[in-house]
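Heads up, the thing below is written out as structure tokens.
The values are calculated or read from the model by the stated rules, or taken from the named source; none is laboratory data. Nothing here was measured: the structure is a model prediction, and the numbers come from that model. Every residue, glycine as well, gets a Cβ built from its backbone with ideal geometry; the counts of neighbours run over all protein chains shown.
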Amino acid sequence: MSDATNDRVRWAVVGTGGIARRTVGDLRASGGAEVVAVASRSQASADAFAAEFDLAGAYGSFEELCAADGVDAVYIGTPHSTHFAYAKAALEAGKHVLCEKPLTMTADESRELGAIAARHGRFLMEAMWMAFGPAVRRTRELIAEGVIGEPRFLQAGLGYPVPADGPPRFWDASLGGGALYDMGIYTVTLAQLLFGTPTDITVRGEMRDDGVDLHETYQLDFASGASAQLVTSITFLVPPSGWIGGTQGSISLNEPLFSPRSIRVTTGRPPAPPVSETIEFPAEELGYVPMFREVNAAILAGELEHPTRPISATVEALETMERIKALLAEHRDRQSSD
């Protein structure tokens, strides 16, 4: 079992695709981290990645990585459907786990991982970088301070037309393909951060017979009376932005929704003219640094979760997504029977 030293966490990246390539630099820039290894399904891919990013360790299988000393934590950046098995094996091998979203494909799997992490005394978190970004954090602070009054409405979307020969994670049902689990995790999480768990859900959209969802529009209603209207798609463009309406103003989250570079805060009510302020947030590398920094600090402090994204929040978001997908399947089946 590996334990981090007093001032750094020794990380291994799992996967050699685009996500892994985007995050290595941010991990290194986050402070308290040392990227020491990579694991891939093939030794050749691991060797090439290690050479490109100057990593000391290159493992041609995940099992080799789990058995290796000198690795405290793993960052899993593989297709959605592999997350549960990889995270489970890593936790049981004594590694801390930060896993790309969604953490798992079902809420029950995330519950199980949470129990395993607690049993082994290891840190576990879904890599929901949006929640750690300065724009979303400042938005939540402004709402808590009452700047826009009581938040009542969220409208947000994310989507783009993915070519038929695009990444298989979008089109392959066995990989968790579709818009919801790749993009909808952001919109659902944003609504959850603002309003909590929905009481009612309404869904319309298009889903193939194999369960791959092409697009969906969904309304989440909350006990407070607040509502969220959200849309995701892999067949048409949805601007990656959102806005929150409150009883005394609004906050716009500018593009991209998952890592906004600015927000616009508007206050006042007619007949007085509105007052708007744009707040800019300089990017740290590609935007993952704030999340990695806080995860490093949590691991070094001996924490098993982070309060910004505890496992309970991940489970609740996945429960909402399961409800959305089930309702979308019902909508599909009703249309086919008409």
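For L257, the conditions (1) free of Cβ contacts under 8 Å to residues at least 60 places away in the same chain; (2) part of a loop (DSSP other than H, G, I, E, B); (3) of a type in the set (A, V, I, L, M, F, W, C) all hold with the exception of (1). Of all residues in segment 123-138, those that are buried (at least 23 other Cβ atoms within 10 Å of the Cβ) and over 16 Å from V188 (Cα atoms) total 4. Restricting the first member to segment 285-301 and to residues that are over 12 Å from M125 (Cα atoms), and the second to residues that are polar (S, T, N, Q), the beta-carbon pairs closer than 6 Å and six or more apart or on different chains are G287/S259; Y288/T23; V289/S30; R293/S30. Checking each residue in segment 68-102 for being aliphatic (A, V, I, L, M) and modelled with pLDDT of 95 or more picks out V71, A73, V74, I76, A85, A87, A89, A90, L91, A93, V97, L98. Checked against the criterion of being touching a strand residue (DSSP E or B) at 6+ places or on another chain (Cβ under 9 Å), assigned to a loop (DSSP other than H, G, I, E, B) and surrounded by 19 or more Cβ atoms within 10 Å (Cβ to Cβ), segment 236-249 has no qualifying residue.
For the residues R293, R323, R332, the requirement of being in a helix (DSSP H, G or I), surrounded by fewer than 22 Cβ atoms within 10 Å (Cβ to Cβ) and in contact with a helix residue (DSSP H, G or I) (Cβ under 9 Å, 6 or more places away or on another chain) singles out R293. Checked against (1) surrounded by fewer than 14 Cβ atoms within 10 Å (Cβ to Cβ); (2) part of a strand (DSSP E or B); (3) among the acidic types (D, E), E216 passes all but condition (1).
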